[in-house]
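Novice: Please read through the structure below; I'll follow up with questions.
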Amino acid sequence: DSGVTQTPKHLITATGQRVTLRCSPRSGDLSVYWYQQSLDQGLQFLIQYYNGEERAKGNILERFSAQQFPDLHSELNLSSLELGDSALYFCASSVDLQGYGYTFGSGTRLTVV
Amino acid sequence: QQQVKQSPQSLIVQKGGISIINCAYENTAFDYFPWYQQFPGKGPALLIAIRPDVSEKKEGRFTISFNKSAKQFSLHIMDSQPGDSATYFCAAVTPLNAGNNRKLIWGLGTSLAVNP
(Lines give C-alpha, C1' and ligand atoms only; values in the text may rest on other atoms or scores of the structure.)
Protein backbone atom coordinates (compact mmCIF):
# COMPACT_ATOMS: atom_id res chain seq x y z
CA ASP A 1 0.00 0.00 0.00
CA SER A 2 1.58 3.23 -1.20
CA GLY A 3 -0.57 5.42 1.00
CA VAL A 4 -2.28 7.07 -1.98
CA THR A 5 -5.86 5.83 -2.27
CA GLN A 6 -7.79 5.96 -5.51
CA THR A 7 -11.41 5.03 -5.97
CA PRO A 8 -13.01 3.37 -7.75
CA LYS A 9 -10.51 0.80 -9.04
CA HIS A 10 -12.59 0.04 -12.11
CA LEU A 11 -15.26 2.04 -13.89
CA ILE A 12 -17.27 1.11 -16.95
CA THR A 13 -19.50 3.76 -18.45
CA ALA A 14 -21.12 4.74 -21.72
CA THR A 15 -20.09 7.42 -24.18
CA GLY A 16 -21.43 10.84 -23.33
CA GLN A 17 -21.53 10.16 -19.61
CA ARG A 18 -19.75 11.93 -16.76
CA VAL A 19 -17.62 10.28 -14.07
CA THR A 20 -15.70 11.39 -11.02
CA LEU A 21 -12.46 9.80 -9.91
CA ARG A 22 -11.30 10.31 -6.36
CA CYS A 23 -7.84 10.45 -4.82
CA SER A 24 -6.71 10.68 -1.22
CA PRO A 25 -3.03 11.65 -1.02
CA ARG A 26 -0.50 10.12 1.33
CA SER A 27 -0.69 11.58 4.80
CA GLY A 28 1.29 14.82 4.97
CA ASP A 29 1.48 15.31 1.20
CA LEU A 30 0.16 18.62 -0.05
CA SER A 31 0.64 18.21 -3.78
CA VAL A 32 -1.57 16.02 -5.97
CA TYR A 33 -0.96 15.13 -9.61
CA TRP A 34 -3.27 13.44 -12.09
CA TYR A 35 -1.96 11.32 -14.94
CA GLN A 36 -3.56 9.43 -17.81
CA GLN A 37 -1.95 6.24 -19.11
CA SER A 38 -3.15 4.68 -22.34
CA LEU A 39 -1.85 1.47 -23.91
CA ASP A 40 -0.07 3.21 -26.74
CA GLN A 41 1.20 6.16 -24.75
CA GLY A 42 3.25 6.71 -21.67
CA LEU A 43 2.24 8.74 -18.67
CA GLN A 44 0.43 11.89 -19.74
CA PHE A 45 0.43 14.60 -17.10
CA LEU A 46 -2.99 16.18 -16.72
CA ILE A 47 -2.99 18.60 -13.81
CA GLN A 48 -1.38 19.40 -10.46
CA TYR A 49 -2.80 20.88 -7.27
CA TYR A 50 -0.94 22.09 -4.23
CA ASN A 51 -2.73 22.78 -0.98
CA GLY A 52 -5.99 23.44 -2.79
CA GLU A 53 -4.65 25.57 -5.61
CA GLU A 54 -4.05 24.61 -9.21
CA ARG A 55 -0.29 24.83 -9.89
CA ALA A 56 0.31 23.29 -13.30
CA LYS A 57 -1.66 22.06 -16.27
CA GLY A 58 -0.62 19.51 -18.79
CA ASN A 59 -2.51 17.95 -21.68
CA ILE A 60 -5.87 18.10 -19.99
CA LEU A 61 -8.92 18.29 -22.22
CA GLU A 62 -11.54 20.97 -21.66
CA ARG A 63 -14.01 18.15 -20.92
CA PHE A 64 -11.90 17.25 -17.90
CA SER A 65 -11.64 19.23 -14.69
CA ALA A 66 -10.23 18.67 -11.25
CA GLN A 67 -10.14 20.18 -7.81
CA GLN A 68 -8.46 19.68 -4.48
CA PHE A 69 -10.54 20.06 -1.37
CA PRO A 70 -9.59 21.51 2.05
CA ASP A 71 -8.96 18.00 3.40
CA LEU A 72 -6.49 17.63 0.48
CA HIS A 73 -8.33 14.89 -1.33
CA SER A 74 -8.76 15.51 -5.03
CA GLU A 75 -11.34 14.66 -7.64
CA LEU A 76 -10.95 14.39 -11.40
CA ASN A 77 -14.15 14.94 -13.34
CA LEU A 78 -14.43 13.56 -16.85
CA SER A 79 -17.46 14.57 -18.90
CA SER A 80 -18.90 13.90 -22.35
CA LEU A 81 -16.86 10.73 -22.35
CA GLU A 82 -15.55 9.31 -25.60
CA LEU A 83 -14.19 5.86 -26.42
CA GLY A 84 -10.69 7.35 -26.55
CA ASP A 85 -10.90 8.37 -22.92
CA SER A 86 -10.60 4.73 -21.91
CA ALA A 87 -7.37 4.55 -19.96
CA LEU A 88 -5.77 4.14 -16.57
CA TYR A 89 -5.95 7.30 -14.51
CA PHE A 90 -3.33 7.68 -11.81
CA CYS A 91 -3.12 10.06 -8.95
CA ALA A 92 0.23 10.79 -7.34
CA SER A 93 1.14 12.89 -4.34
CA SER A 94 4.24 14.54 -2.97
CA VAL A 95 5.00 16.48 0.16
CA ASP A 96 5.96 19.67 -1.66
CA LEU A 97 6.57 21.18 -5.10
CA GLN A 98 10.13 19.96 -5.50
CA GLY A 99 9.29 16.95 -7.66
CA TYR A 100 11.81 14.69 -6.01
CA GLY A 101 9.54 11.85 -5.09
CA TYR A 102 6.05 11.09 -6.26
CA THR A 103 3.96 8.38 -4.64
CA PHE A 104 1.42 6.91 -7.00
CA GLY A 105 -1.87 5.26 -6.26
CA SER A 106 -2.93 2.03 -7.95
CA GLY A 107 -5.06 3.87 -10.46
CA THR A 108 -8.60 3.82 -11.77
CA ARG A 109 -9.20 1.83 -14.92
CA LEU A 110 -11.84 3.62 -16.96
CA THR A 111 -13.56 1.82 -19.80
CA VAL A 112 -15.91 3.80 -22.02
CA VAL A 113 -18.25 1.64 -24.11
CA GLN B 1 8.36 17.50 -28.32
CA GLN B 2 9.82 14.68 -26.29
CA GLN B 3 12.33 16.19 -23.91
CA VAL B 4 13.37 12.84 -22.48
CA LYS B 5 13.90 10.07 -25.01
CA GLN B 6 13.93 6.52 -23.69
CA SER B 7 15.08 3.36 -25.42
CA PRO B 8 14.47 0.58 -26.08
CA GLN B 9 10.68 0.44 -26.06
CA SER B 10 10.83 -3.19 -25.02
CA LEU B 11 13.54 -5.52 -23.78
CA ILE B 12 13.79 -9.24 -23.23
CA VAL B 13 16.58 -10.53 -21.00
CA GLN B 14 17.45 -13.96 -19.70
CA LYS B 15 17.48 -14.58 -15.98
CA GLY B 16 20.85 -13.59 -14.56
CA GLY B 17 21.62 -11.22 -17.42
CA ILE B 18 22.09 -7.47 -17.39
CA SER B 19 19.21 -5.23 -18.42
CA ILE B 20 20.17 -1.81 -19.77
CA ILE B 21 17.72 1.00 -20.45
CA ASN B 22 18.89 4.30 -21.85
CA CYS B 23 17.57 7.83 -21.68
CA ALA B 24 18.68 11.05 -23.34
CA TYR B 25 17.61 14.55 -22.42
CA GLU B 26 17.84 17.95 -24.01
CA ASN B 27 17.48 20.50 -21.26
CA THR B 28 20.75 20.96 -19.38
CA ALA B 29 18.83 22.69 -16.59
CA PHE B 30 17.28 19.39 -15.43
CA ASP B 31 18.67 18.73 -11.97
CA TYR B 32 17.27 15.39 -10.84
CA PHE B 33 16.83 12.14 -12.73
CA PRO B 34 14.60 9.46 -11.19
CA TRP B 35 13.66 6.03 -12.46
CA TYR B 36 10.26 4.59 -11.75
CA GLN B 37 9.20 0.93 -11.89
CA GLN B 38 5.65 -0.04 -12.74
CA PHE B 39 4.18 -3.52 -12.35
CA PRO B 40 0.99 -4.45 -14.22
CA GLY B 41 -2.08 -3.07 -12.50
CA LYS B 42 -0.05 -0.85 -10.20
CA GLY B 43 1.09 2.72 -10.21
CA PRO B 44 4.73 3.61 -10.89
CA ALA B 45 7.02 3.53 -7.87
CA LEU B 46 10.27 5.42 -7.39
CA LEU B 47 13.15 2.98 -7.86
CA ILE B 48 16.35 5.00 -7.81
CA ALA B 49 17.40 8.55 -8.66
CA ILE B 50 20.54 10.56 -9.35
CA ARG B 51 21.67 14.17 -9.41
CA PRO B 52 23.85 15.45 -12.28
CA ASP B 53 26.88 16.05 -10.04
CA VAL B 54 27.27 12.28 -9.60
CA SER B 55 28.33 9.88 -12.37
CA GLU B 56 26.96 6.70 -10.84
CA LYS B 57 24.60 5.58 -8.12
CA LYS B 58 24.08 2.01 -7.03
CA GLU B 59 21.32 0.49 -4.92
CA GLY B 60 21.48 -3.26 -4.73
CA ARG B 61 21.24 -4.70 -8.23
CA PHE B 62 20.14 -1.36 -9.72
CA THR B 63 22.66 1.20 -10.96
CA ILE B 64 22.21 4.55 -12.67
CA SER B 65 25.06 5.71 -14.88
CA PHE B 66 25.03 9.40 -15.70
CA ASN B 67 26.96 11.11 -18.52
CA LYS B 68 26.46 14.85 -18.18
CA SER B 69 28.45 15.82 -21.28
CA ALA B 70 26.48 13.44 -23.48
CA LYS B 71 23.19 14.33 -21.74
CA GLN B 72 22.46 10.66 -21.23
CA PHE B 73 21.70 8.41 -18.31
CA SER B 74 20.96 4.73 -18.08
CA LEU B 75 19.57 2.12 -15.73
CA HIS B 76 21.46 -1.13 -15.34
CA ILE B 77 19.80 -4.10 -13.65
CA MET B 78 22.39 -6.67 -12.73
CA ASP B 79 21.51 -10.35 -12.30
CA SER B 80 18.04 -9.68 -13.72
CA GLN B 81 15.25 -11.77 -12.20
CA PRO B 82 11.76 -12.65 -13.45
CA GLY B 83 10.42 -10.47 -10.63
CA ASP B 84 12.06 -7.48 -12.32
CA SER B 85 9.66 -7.85 -15.24
CA ALA B 86 7.90 -4.49 -15.32
CA THR B 87 7.76 -1.21 -17.20
CA TYR B 88 10.53 1.23 -16.36
CA PHE B 89 10.23 4.97 -16.81
CA CYS B 90 13.06 7.46 -16.72
CA ALA B 91 12.28 11.04 -15.89
CA ALA B 92 13.88 14.42 -15.40
CA VAL B 93 12.94 17.18 -13.02
CA THR B 94 12.88 20.77 -14.24
CA PRO B 95 14.39 23.58 -12.20
CA LEU B 96 12.13 25.76 -10.11
CA ASN B 97 9.97 28.01 -12.22
CA ALA B 98 8.52 31.41 -11.41
CA GLY B 99 5.75 29.66 -9.49
CA ASN B 100 8.26 27.87 -7.24
CA ASN B 101 7.22 24.64 -8.89
CA ARG B 102 9.09 21.80 -10.57
CA LYS B 103 7.82 19.48 -13.28
CA LEU B 104 8.57 15.85 -13.92
CA ILE B 105 9.28 15.14 -17.59
CA TRP B 106 8.75 11.46 -18.38
CA GLY B 107 10.25 9.09 -20.88
CA LEU B 108 7.79 6.85 -22.72
CA GLY B 109 8.74 3.72 -20.82
CA THR B 110 10.48 0.40 -21.45
CA SER B 111 8.71 -2.89 -21.02
CA LEU B 112 11.17 -5.38 -19.56
CA ALA B 113 10.57 -9.11 -19.61
CA VAL B 114 13.03 -11.38 -17.83
CA ASN B 115 12.76 -14.97 -18.97
CA PRO B 116 13.30 -17.68 -16.35
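The values are calculated or read from the model by the stated rules, or taken from the named source; none is laboratory data. This is a predicted model, so every value here is computed, not measured. Ideal geometry is used to build each Cβ from the backbone, glycine not excepted, and the neighbour counts take in all protein chains shown. For the accessible areas, the whole protein counts, side chains as well, though only heavy atoms, and no ligand, DNA or RNA atoms are used. Shrake-Rupley method; radii C 1.70, N 1.55, O 1.52, S 1.80 Å.
Novice: Could you give the Stokes-Einstein D for the protein assembly as shown in µm² per second, using the C-alpha Kirkwood radius, 4 °C, 1.567 mPa s?
Specialist: 71 µm²/s
Novice: May I ask you to give the percent of accessible area on the protein assembly as shown that is carbon plus sulfur, with a probe radius of 1.4 Å?
Specialist: 49 percent
Novice: Can I ask one more? May I ask which residue of B:N115, A:F69, B:Y32 lies farthest towards the positive end of the charge dipole of the protein assembly as shown, with charges of +1 (Lys, Arg) and -1 (Asp, Glu) on Cβ and the Cα centre as origin?
Specialist: B:N115
Novice: Loop only by DSSP, 16 or fewer other Cβ within 10 Å of the Cβ. Give me the GluC sites (Glu not before Pro) in segment B:17-98 that pass, ordered by residue number.
Specialist: Hits after loop and neighbour filter: B:E26.
Novice: Rounded, prolate or oblate: pick one for chain B, where a ≥ b ≥ c are the square roots of the eigenvalues of its C-alpha gyration tensor, a/c under 1.5 means rounded, and failing that, prolate if a/b is larger than b/c, else oblate.
Specialist: It is prolate, given that a/c is not under 1.5 and a/b is the larger ratio.
Novice: Report the charge-dipole magnitude of chain A in Debye, nearest 20, computed about the Cα centre from +1 at each Lys and Arg Cβ and -1 at each Asp and Glu Cβ.
Specialist: Around 180 debye, computed over chain A.
Novice: Shifting gears a bit: Please go through segment A:46-113 and write out the trypsin sites (Lys or Arg not before Pro) that DSSP classes as loop and that have at most 13 other C-beta atoms within 10 Å.
Specialist: Of the trypsin sites (Lys or Arg not before Pro), the ones in loops of segment A:46-113 whose Cβ has at most 13 other Cβ atoms within 10 Å are A:R63.
Novice: Anyone know which of B:S69, B:S55, B:S85 comes out most mobile in the 10 Å Cα GNM of chain B?
Specialist: B:S69
Novice: Now a separate question. Quick one: accessible area per residue over chain A, 1.4 Å probe, rounded to a whole number of Å²?
Specialist: Value for chain A: 47 Å² per residue.
Novice: If you don't mind, another one. For chain B, what is the relative contact order in percent, using Cα pairs closer than 8 Å and at least 6 residues apart in sequence?
Specialist: 36 percent
Novice: Assign one of three labels to chain A, namely rounded, prolate or oblate, based on the Cα gyration tensor with a ≥ b ≥ c the square roots of its eigenvalues; rounded applies when a/c is under 1.5, prolate when it is not and a/b is larger than b/c, and oblate otherwise.
Specialist: prolate
Novice: Give me the accessible area buried between chains A and B, both sides summed, with a 1.4 Å probe, in Å² rounded to the nearest 100.
Specialist: Its buried surface, counting both partners, is about 1700 Å².
Novice: Can I ask one more? Under the classification rounded if a/c is under 1.5, otherwise prolate if a/b is larger than b/c and oblate if not, where does segment B:63-116 fall, given a ≥ b ≥ c as square roots of the Cα gyration tensor eigenvalues?
Specialist: Because a/c hits 1.5 or more and a/b exceeds b/c, segment B:63-116 counts as prolate.
Novice: On to the next question. Would you mind getting the accessible area per residue of segment B:17-116, heavy atoms of the protein chains only, 1.4 Å probe, in Å²?
Specialist: 44 Å²
Novice: If you filter segment A:1-108 for GluC sites (Glu not before Pro), then keep DSSP loop positions with at most 11 other Cβ within 10 Å, what is left?
Specialist: A:E62
Novice: Just to be sure I understand: with springs between alpha-carbon atoms less than 10 Å apart, which residue in B:V54, B:V13, B:V93 has the highest mean-square fluctuation in the Gaussian network model of chain B?
Specialist: In this elastic network of chain B, the residue with the biggest mean-square fluctuation among B:V54, B:V13, B:V93 is B:V54.
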